Amino acid sequence: MKKIQPASRTENIKYAVRDILLVADQAKAAGKKLLYLNIGDPVPFGFKTPDFVTGAIIDSLKRGETGYAPSPGTASAIAAIRRDADRRGIRNIQDIYVTSGGSEAIELAMTSLLNPGDNLLVPCPGYPLYTAVLDKLGAAANPYYLDEEDGWQIDVEDVRRRINDRTKGIVVINPNNPTGAVLSKKVAQQLVDLALEHNLVLFSDEIYDKLIFDGEEHVSLAALSKDVAAITFNGLSKVFVGPGLRMGWGVVSGPEEVVGDYYRAIQKLTRARLCAPHPVMAAVAPSLDGTSPHLPELMKRLKRQRDVTVEMLSGIKGISCVKPQGAFYAFPRLDIRETDDQWCARLIRETGVVTVPGSGFGQKPGTQHFRIVFLPDEATLKEAYTKIAQFMAG
């Protein structure tokens with residue numbers, strides 16, 4: 001029989017966070033004990049989805065809400081998301097759509113905006129979903145590089161230099177995955193001004209917005225101008241410890257005459273895929289309208305584990321680490337003679353410590369990094385970092 005050929009659009013799609021598990025599975029099969037520091041899922045590490053989230057879903061199931069929901073989302077979920085956006089200062093809201101996780105909200109927004117040959121400004125380092133979807137759409141990633149010497153802040157002039165006549169938007173991840181950087185209000189305003197100047201859509205990924213350390217302030221980009229075309233992405237995955245619930249959304253804001261045709265195109269795609277998980281939408285209102293009583297203890301533990309991470313990694317020769325100000329990631333720099341892909345693969349095979357190579361997130365040419373997820377408990381982190389220190393000394 002003739003071999004079935006996959007579509008060419010899949011050739012360059014990579015997702016480093018999951019791809020590294022192929023090496024990990026080999027090491028596990030060889031009898032190596034593995035310490036997983038690679039996937040940003042709090043649940044396996046003892047963080048519990050709050051009862052007000054799971055309780056709302058259970059109540060929805062008891063009410064029999066298992067049929068199709070409205071394609072944009074239930075009325076109660078959309079109303080809660082609008083109230084939350086209002087509290088953030090976002091004005092000129094034109095549309096809200098609820099999705100199967102934040103990743104679907106992002107993909108629908110990209111698919112509705114980009115034609116083959118267009119490009120989207122994406123942060124490097126940044127979340128690899130964006131480049132994977134761009135490859136699928138036949139559009140291009142237009143990378144701008146975060147400034148490691150300035151705490152991984154965005155260099156707005158670098159972004160400006162990269163804009164061309166096929167650039168359609170700017171992706172901002174705040175707090176950033178994988179660096180944990182929190183965007184300053186000054187830089188955020190400069191990015192909004194730049195988007196207005198060049199008529200670009202701001203993709204503001206704010207999924208870690210309440211996981212902030214050291215008194216830093218999170219600013220929603222769309223709140224800085226009622227005239228900027230923006231989509232603000234969020235969900236229940238990280239702050240509300242429910243990544244497997246697959247509940248996200250996009251808030252489209254800006255003048256109707258500017259974004260009207262765009263959000264109506266997104267609506268077409270939301271109708272085509274029917275709806276997000278119906279019972280889980282019942283958890284949106286109690287999550288966004290509540291007081292988030294789970295957060296103080298969650299943040300206390302994360303801060304302690306962040307501090308252990310920075311202290312121990314910074315003490316290893318050949319590794320330097322900018323202190324993360326948000327989320328639960330660190331993106332240490334390596335001074336090595338091999339690629340970070342090779343280094344991470346050897347680290348797994350020789351020590352069992354699973355991290356993700358920096359190349360999977362984008363980085364300045366000539367630099368090498370790896371991403372750490374500091375969700376495991378202190379004892380596990382200390383064991384992992386001790387193994388990394390021995391590996392580097394070896």
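Worth pointing out:
- Residue in the range 150-167 that is crowded, with 20+ Cβ neighbours inside 10 Å, closer than 26 Å to P357 by Cα, of a type in the set (V, I, T) and touching a residue at least 60 places away in the same chain (Cβ under 8 Å) present: no
- Residues of the range 189-245 that are assigned to a strand (DSSP E or B) and touching a His at 6+ places or on another chain (Cβ under 9 Å): I212 alone.
- Scan of the range 260-303 for residues that are among the β-branched types (V, I, T) and either part of a helix (DSSP H, G or I) or in contact with a Pro (Cβ under 6 Å, 6 or more places away or on another chain) (or both), ordered by number: I266, T270, V280, V284
- A residue that is in a helix (DSSP H, G or I), more than 18 Å from E148 (Cα to Cα) and among the polar types (S, T, N, Q) occurs nowhere in the range 311-320.
- Matching residues, the range 129-188, being more than 16 Å from P332 (Cα to Cα) and touching a Cys at 6+ places or on another chain (Cβ under 8 Å): P143, Y144
- Which numbered condition E257 fails, given (1) part of a helix (DSSP H, G or I); (2) surrounded by 15 or more Cβ atoms within 10 Å (Cβ to Cβ): (2)
- Residue in the range 234-245 that is polar (S, T, N, Q), in the same structural domain as N199 (by TED's automatic domain parsing) and closer than 30 Å to A384 by Cα present: yes
- Taking the range 369-381 as the range and being surrounded by 15 or more Cβ atoms within 10 Å (Cβ to Cβ), out of contact with any Ser or Thr (no Cβ under 7 Å at 6 or more places or on another chain) and either among the aromatic types (F, W, Y) or not in a loop (DSSP other than H, G, I, E, B) (or both) as the test, the residues that pass are H369, V373, T380.
Results for (1) of a type outside the set (D, E); (2) in a helix (DSSP H, G or I); (3) out of contact with any Asp or Glu (no Cβ under 8 Å at 6 or more places or on another chain); (4) more than 26 Å from P178 (Cβ to Cβ), shown as yes or no for each residue.
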| site | (1), (2), (3), (4) |
| --- | --- |
| I4 | yes, no, yes, yes |
| R9 | yes, yes, no, no |
| D25 | no, yes, yes, no |
| K28 | yes, yes, yes, no |
| G31 | yes, no, yes, yes |
| G40 | yes, no, yes, no |
| G55 | yes, yes, yes, yes |
| E65 | no, no, yes, yes |
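- Test result for D19, charged (D, E, K, R) and either touching a Ser or Thr at 6+ places or on another chain (Cβ under 9 Å) or assigned by TED's automatic domain parsing to the domain that holds I266 (or both): no
- Listed conditions (1) touching a helix residue (DSSP H, G or I) at 6+ places or on another chain (Cβ under 7 Å); (2) of a type outside the set (S, T, Y); (3) assigned to a helix (DSSP H, G or I); (4) within 29 Å of A223 (Cβ to Cβ) are all met by A85, apart from (1).
- Filter result (out of contact with any Gly (no Cβ under 7 Å at 6 or more places or on another chain) and farther than 18 Å from M247 by Cβ) within the range 74-93: D86, R87, R88, G89, I90, R91, I93
- Extreme residue, surrounded by the most Cβ atoms within 10 Å (Cβ to Cβ), among residues of the range 168-188 that are in a loop (DSSP other than H, G, I, E, B) and free of Cβ contacts under 8 Å to residues at least 40 places away in the same chain: L183
- Members of the range 225-238 that are surrounded by fewer than 21 Cβ atoms within 10 Å (Cβ to Cβ) and either of a type outside the set (D, E) or modelled with pLDDT under 95 (or both): S225, K226
- Evaluated against (1) surrounded by fewer than 22 Cβ atoms within 10 Å (Cβ to Cβ); (2) modelled with pLDDT under 95, G362 falls short on exactly one condition, (1).
The values are calculated or read from the model by the stated rules, or taken from the named source; none is laboratory data. Since we're looking at a predicted model, the values are computed, not measured. Note that each Cβ is placed from the backbone with ideal geometry, even for glycine, and that neighbours are counted across all protein chains shown.
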